[in-house]
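Structure first, then comments.
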Amino acid sequence: MDHPIKRDHSRFKKIVKGKIRDNLKKYVSQGSLPHPKSNGKYSIPLPQIETPRFKFGSDEGEGMGQGDGQPGDPVEGDGQEKGDGKGEAGQDEGKKELEVDLTIDELASILGEELALPKIEPKGKKNLQSSKDKYSSIGTVGPDSLKHFKRSYKEALKRQVATGTYDANNPIIVPIKSDMRYRSSVNKIENENSAVVIYMMDVSGSMGDEQKEIVRTESFWINLWLKSQYKDIEVRYIIHDASAKEVDEDTFFKTRESGGTLISSAYKLCNEIIKADYDPSEWNIYPFHFSDGDNWSTDDTKFCLKLLDDEILPASNVFCYGQVESRYGSGQFLKDLTQKYGSVGDSVILSQIKNKEAILDSIKDFLGKGK
């Protein structure tokens, strides 16, 4: 039977997860992100949990429930005198926000439950085999570093009892070579799935800070879910206006240009990265493109569609395009993709992100098919 403290701790963790899940939409729409810690967990602020408790006050004075109070009399709490709200600042600490530490799997579980996300089914042959030695058995030979002292002691005791050499009044156990036992490993072959996420973002003048904040928030939660589904995951970042280049994560979210937009430049670079570093037979490949829908010309849009059909889609699990609404963007590219692939497809998933409140719905659009 579980110890009461363990049961209470388990119940508290369920309450914590429930509180976070109930407030997830508000938390995500504010652009707040869990803070990574050195122990591999993430710190997340928790809405205040009030626990019922008795509060004892003074029996002095009159009021409701005390003496001869009359209807309409004010209720004075804890026998305190009514003040005018003026006075010196207090010396006590203010109420601090409670934070809890959760693992990636716990955060992903909350996201998955809230959005009813299915588990991802890796594409085709994208499995990497690895062998692991698991010490799950006991052998009679082995190096001293793997010696199992407790099992060796028990074998020596059994031998001495069986041969009548054990003296209960002088219980000395002396193991000999035949008594020695060693931890023995079993080689186990495991299939590990590896994934790469390639983020592409339009950083032209029409994409402002609010649009980038939406992309930053959404990409964090997408990465979180994918990391819970795959053993190994890599993330690459591409920014583009009229030209494209690969950058690090920090540059990806802070860069803003003033030039025009040539979407094909990003798709060409994405294709080059896939061909150079990620064999589709070994990797699950997830290209994500975020833009406000402006493109240089209809000819470039046609070139983008050709690159998708001939190169990117055959190599990818799914291609995801998120259009972030901007007062300066035309939104035409989403219309072109919808006309070509439909609003909901197997190989191309499209999502329109009007504002921060739409982030969770967009994540469900992208991850809800389990691809």
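Within the stretch 304-322, residues that are within 14 Å of L367 (Cα to Cα) and modelled with pLDDT of 95 or more have Cβ atoms under 7 Å from residues that are among the aromatic types (F, W, Y) and assigned to a helix (DSSP H, G or I) in these pairs: C320/F366, counting only partners at least 6 apart in sequence or on another chain. Of all residues in the stretch 97-110, exactly one satisfies the criterion of being acidic (D, E), in a strand (DSSP E or B) and either touching a Lys or Arg at 6+ places or on another chain (Cβ under 7 Å) or modelled with pLDDT of 80 or more (or both), namely D101.
Any residue that is part of a loop (DSSP other than H, G, I, E, B), touching a strand residue (DSSP E or B) at 6+ places or on another chain (Cβ under 8 Å) and over 23 Å from V28 (Cα atoms) - is there at least one of those in the stretch 287-306? Looking through the stretch 287-306, at least one residue is part of a loop (DSSP other than H, G, I, E, B), touching a strand residue (DSSP E or B) at 6+ places or on another chain (Cβ under 8 Å) and over 23 Å from V28 (Cα atoms). Please work out which residue is modelled with the highest pLDDT, limiting yourself to the stretch 197-231 and to residues that are of a type in the set (D, E, K, R) and more than 14 Å from the chain's Cα centre (by Cα). The qualifying residue modelled with the highest pLDDT is D202. Among the residues of this structure, K268 does not count as one that is charged (D, E, K, R), assigned by TED's automatic domain parsing to the domain that holds D336, within 20 Å of the chain's Cα centre (by Cα) and surrounded by 14 or more Cβ atoms within 10 Å (Cβ to Cβ).
The listed residues are Y328, Y321, and the only one of them that is among the hydroxyl-bearing types (S, T, Y) and either closer than 16 Å to I349 by Cα or assigned to a helix (DSSP H, G or I) (or both) turns out to be Y321.
Picking from residues in the stretch 111-126 that are in contact with an Asp or Glu (Cβ under 9 Å, 6 or more places away or on another chain) and at pLDDT below 50, the one that is nearest to P34 (Cα to Cα) is K126.
Looking at the stretch 202-210, can you tell me whether even one residue there is touching a helix residue (DSSP H, G or I) at 6+ places or on another chain (Cβ under 7 Å) and surrounded by fewer than 22 Cβ atoms within 10 Å (Cβ to Cβ)? There is no residue in the stretch 202-210 that is touching a helix residue (DSSP H, G or I) at 6+ places or on another chain (Cβ under 7 Å) and surrounded by fewer than 22 Cβ atoms within 10 Å (Cβ to Cβ).
Name every residue in the stretch 212-270 that is part of a helix (DSSP H, G or I) and within 21 Å of Q332 (Cβ to Cβ), in order of residue number. The answer is K212, I214, V215, I263, S264, S265, A266, Y267, K268, C270. Screening D310 on (1) surrounded by 15 or more Cβ atoms within 10 Å (Cβ to Cβ); (2) within 26 Å of E234 (Cα to Cα) shows it passes everything except condition (1).
Tell me, which residue of the stretch 220-273 that is among the polar types (S, T, N, Q) and out of contact with any strand residue (DSSP E or B) (no Cβ under 6 Å at 6 or more places or on another chain) is nearest to A108 (Cα to Cα)? Taking the candidates together, the pick is S228.
The values are calculated or read from the model by the stated rules, or taken from the named source; none is laboratory data. The structure displayed is predicted, hence computed values, not measured ones. In this analysis, Cβ positions are derived from the backbone assuming ideal geometry, glycine residues included, and neighbour counts consider all displayed protein chains.
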